[in-house]
Every structure is written in structure tokens, then in C-alpha cells.
Amino acid sequence: TNPGFVVRITQAGLDYAHQQGIAMLEKKLAQLKLPDISGDSRVGRVGKVHYELYRLRLRDFHLPYSRITPISNVGLQVSISNAFAELDGDWRVKFLFVRDHGSFDLKVENVYIKISLRLGSDATGKPTISTSDCSTRISKVRVLFSGKFGWLYNLFHSVIESRFRKILEDKVCDIVDNSVHNELQTYVQTLPVTARINAKTGIDYSLVAPPRATAQSLDADLKGEFYSLAHRSTVPFSPLPLAFPSDHDRMVYFGASSYFFNTAGIAYHEAGALVFEITEDMIPKDTGFRLETSTFSAFIPKLEEMYPNMPMKFRLSAPTAPFLTIGPGGISLKPIVDAQAYAILPDASLAPLFLLSLVRNVSAVINVRSGRIVGSLDVGRIRLSVKDSAVGTFEVRTMQSLMNILTSSTLLPRLNAQLDEGFPLPLLDRIQLSNILVRFHQNFLLLGADVHFQPQ
């Protein structure tokens, strides 16, 4: 099935993530613990040199040149070149009657590391990352001994350098494996696969397939489906394919399909969240009318006769979930709203008066703020029709302006207040978005952003 929501990390985004990862790996490598080294080196027929190197201290490990490359259908490859390290320690040696000790410096140069990362997803739909391959090659190791017997150090010099090379080559990949498993894998698991919006609804952001590497980006296909917390039902339509544009200016792009937004309508409808009541105290004073039967009796003659000077109340509800369309011009929908009018009797009980059907054109403005999709609605004129009446027949056209003012002054601000709270985007921990781009395409909304990672 097609995803309802797509996240694309471009090469610029991968480069930024790679910078953060390399800085972390550099710190890990600088904490590398090296074992004491001892052994014997035979010198012709004369005898053996016994050496010991101990209290080894790694001063630093630098990874100055590296790059990350997405490999189609494989994953990510990290290549590190010209890395170097410096360490020091103490030594002692025995050869025949000679005993000596001192300190040494060791320089490791031209270190090449190649790391292949495999991307996947687990049973809950969270992303996974692991090392599928790691190799380290060190082409230059130089040991500088302090001491007065230069000829003696030359007897075991090359043995020490080759042993250090082997130890470091093994240790570097051990640290890479450990960092990917303990740091990177733990971090990518912070992607929220479900996001609670309020007490009634949530969003399912689980991966529907493992992340997919292409020549220029890393794409993650997410379910992108709203659901009612009380009752999750099958969505009666499927997501359409998202034809992502080849725009790669931002670090990350989010494609939110019309399916994503339309499942929101279903979830809110099922959760009973699309029911609103309008009472007198909600109407702004400057609208110039009161919500009572005397106001409406000018349009409905029997109203004053049956319920004179009584307060009124409207209950607005959607008989079906609203359905929107997304195109290059933006988001538009034509929701149908039932407006049931009541008279509030002296004993506070409600007498049903009439039921209207309201249809109006609505367009939406979308933005991103603090990692959330936020929006506001702009509405056109209402078209009214009478569905039922307990107060006789009346001409609905004459009430058009009144209902327009009533819904625009009360319902619209409430809806916009909810939309201003927004829906969370699927973001890893400690990620902030900036330089936001909003574009509309056929069947989906495209959001672009640059990323800032906030270290702990």
C-alpha cells in the first residue's frame, strides 16, 4: 500500500546527521582503552629482547575527512579517511645484561575506516539501524622511544608497530559497532510511531516499510493515519501515490497526503469531536443580535406564537466526516453541517425548533510551528436548506446572513483555536526545524525544513 505520510532526508540532511555522528564517534574513540603489551623478540642467535608497554594513554583521535553516501537498496555508507591518533605510555625492556625503561609516544596516521549501515524497521514500525560491515586500515604507525640505547629499541620496534596496528584496527570497529548499537539505534528509536493529539484522537506514524536509500536521499514511508482512541476502524479508502518533486534545498521534507488529513476527519467524527453548541454567551456583543426566538421570528412567523421571547441554542454537528482535496492551489473542502435549533424552556429543557443543513466552501492555510502542523480555516458564504421543522414552513433564504454571522463569529474561532494547537510531526528527540517551506501538490502537502539537533 502507499504511505499516507513520507519523510525524505536529503543529502544535506544526511551530511548534517553525519557531522553529529562523527563528532560523537570521535569522542568515543578518544576514550579507547588499550591493553598493556608485552612479548619477546628474538635477535639472531644472541637471545631474546623482552619488552613491556604499559599505562597506555590515548591523547586524541581525529576524524578530519569523512562523508556519508546513500547506496540505493542497500543503506548508508560512511567513509573516513586520513584519520590520525596520538598516544603515549611507559615501557621497560630486558636484553641479556641490559635493563632499561622510559616513556614513548606513538603516532597513528593515514587511518581509513569504512562503515556500512543497514536500515530496517521493527514489529512496532520503529526504524532500526545496525552495522552490516566495518573495516579499518592503518597505513602508518610510528613509535618514538625515549632512552639512551637507540640500537636496543630497533630490535623490537617493528614488532611493536605491527601489534599496535592490529590492536587499533580491531578496536576501532568494535567501538563503531558499539556506538551504532548503543547510541544510534537507541536514538532512532525515539521516533514516535504514535502521537496522541488530545483525549480523543491520535496519529499512527509507524513505518510501513524499512527506510529506503536512493542515490540522493533517504526516504521513510509512514502510515500517516489519524484514529479515534476509543474505537479504531478501517479507513474506507486508500492513500494515493505521492509524486515527490526533485527539490532538495532543505535538509528534510515531509509529504502529508490528502489521506492523512481525511483520516483526521474520520477520527474526529468517530470520536464525537465534530459537535459544537452555540449559546447566547458565546456570541460577540458587536454582532448586534441576541440568540432568542424574537430574533428569528421575523423569518419564522410561528416561532413567536409558540415560544415567545425564549432563549435559543444551536447544536452543530457533521452528519458525515468532512472530505478535503489538495491540489496546486491549496486545500479545499465543502463540509456539510447540521444545525439543530432549540428553544430553552423555563425549566431548562430543550424544545426542538428546526434542523438546517449548512454547506459552505472552506479553504485552509497551513504552516509549521514548533514541530507541529498548524492551520486556520477561511470560509465562504453558507448555502442553507431546511431538513426538518417543528415550527411550520419558512423561507430559509432570508436567514442566510444571520446564520453566516452566527457561524463565523462563534464556530470558526473555535475551530481555528483547535487547528492552531496543531498536529505533531514525526520527529526524533531534540530536533528543531527552521527555514520552513510549504508547497501544495496534487494530493499532498509538501513541507520542507532545515534541522538543528540539540545535544543533551
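For the range 163-271, which fully contained strands (runs of 3 or more DSSP E) count at least 3 residues that are open to solvent by less than 70 Å² (accessible area, probe 1.4 Å) and among the hydrophobic types (A, V, I, L, M, F, W, C)?
217-222, 252-257
Residues in the range 429-445 that are under 14 Å from the mean Cα position of the chain (by Cα), in contact (Cβ under 8 Å) with a residue 24 or more places away in the chain and on the phi < 0 side of the Ramachandran plot: 429, 431, 432, 433. Against the numbered list (1) surrounded by fewer than 14 Cβ atoms within 10 Å (Cβ to Cβ); (2) in contact (Cβ under 8 Å) with a residue 24 or more places away in the chain; (3) part of a loop (DSSP other than H, G, I, E, B), residue 426 comes up short only at (1).
Checking the conditions here, which among 325, 287, 279 is open to solvent by 30 Å² or more (accessible area, probe 1.4 Å), closer than 30 Å to residue 239 by Cα and polar (S, T, N, Q)?
After ruling out the rest, the residue left standing is 325.
Does residue 382 fit the bill of being closer than 26 Å to residue 258 by Cα, free of Cβ contacts under 8 Å to residues at least 40 places away in the same chain and crowded, with 18+ Cβ neighbours inside 10 Å? First the steps, then the outcome.
Numbers: closer than 26 Å to residue 258 by Cα: yes; free of Cβ contacts under 8 Å to residues at least 40 places away in the same chain: yes; crowded, with 18+ Cβ neighbours inside 10 Å: yes.
Here the answer is yes, as residue 382 does meet what is asked.
Of the residues making up the range 136-162, those that are crowded, with 16+ Cβ neighbours inside 10 Å and part of a strand (DSSP E or B) number 5. Checking each residue of the range 116-135 against the condition of being free of Cβ contacts under 8 Å to residues at least 40 places away in the same chain, open to solvent by 50 Å² or more (accessible area, probe 1.4 Å), at negative phi and in a strand (DSSP E or B) gives at least one match.
Out of everything in the range 204-227 that is in contact with a helix residue (DSSP H, G or I) (Cβ under 8 Å, 6 or more places away or on another chain) and within 30 Å of residue 68 (Cβ to Cβ), what residue ends up being modelled with the lowest pLDDT? So that I can check it myself, show each step before the final result.
Taking the range 204-227 and keeping what is in contact with a helix residue (DSSP H, G or I) (Cβ under 8 Å, 6 or more places away or on another chain), we get 216-218, 224-227.
If we keep only those that are within 30 Å of residue 68 (Cβ to Cβ) too, we end up with 216-218, 224.
Values: 216: 90, 217: 94, 218: 96, 224: 97.
By that ranking, first place goes to 216.
With respect to residue 343, is the statement that it is of a type outside the set (Lys, Arg), at positive phi and more than 38 Å from the chain's Cα centre (by Cα) true? Judged against the criteria, residue 343 is not a match.
Of all residues in the range 69-86, those that are farther than 22 Å from residue 129 by Cβ have Cβ atoms under 7 Å from Cβ atoms of residues that are polar (S, T, N, Q), 6 or more apart or on another chain, in 82/110.
Which one is farthest from the chain's Cα centre (by Cα) among residues in the range 303-323 that are outside any loop (DSSP other than H, G, I, E, B) and modelled with pLDDT of 95 or more? Ranking the candidates gives 306 first. Out of the residues in the range 385-405 that are in contact with a helix residue (DSSP H, G or I) (Cβ under 8 Å, 6 or more places away or on another chain) and at negative phi, which is surrounded by the most Cβ atoms within 10 Å (Cβ to Cβ)? Looking at the filtered set, the residue picked out is 391. Beta carbons closer than 8 Å, at least 6 apart along the sequence or on distinct chains, never pair a first residue in the range 224-236 that is closer than 22 Å to residue 7 by Cα and basic (Lys, Arg) with a second that is modelled with pLDDT of 95 or more and open to solvent by 40 Å² or more (accessible area, probe 1.4 Å).
The values are calculated or read from the model by the stated rules, or taken from the named source; none is laboratory data. What you see is a predicted model, and the numbers here were worked out from it, not measured in a lab. For neighbour counting, all protein chains shown are included, and Cβ atoms are generated from backbone atoms with ideal geometry for every residue, glycine included. Side chains included, ligands, DNA and RNA excluded: accessible areas come from the protein's heavy atoms. Shrake-Rupley method; radii C 1.70, N 1.55, O 1.52, S 1.80 Å.
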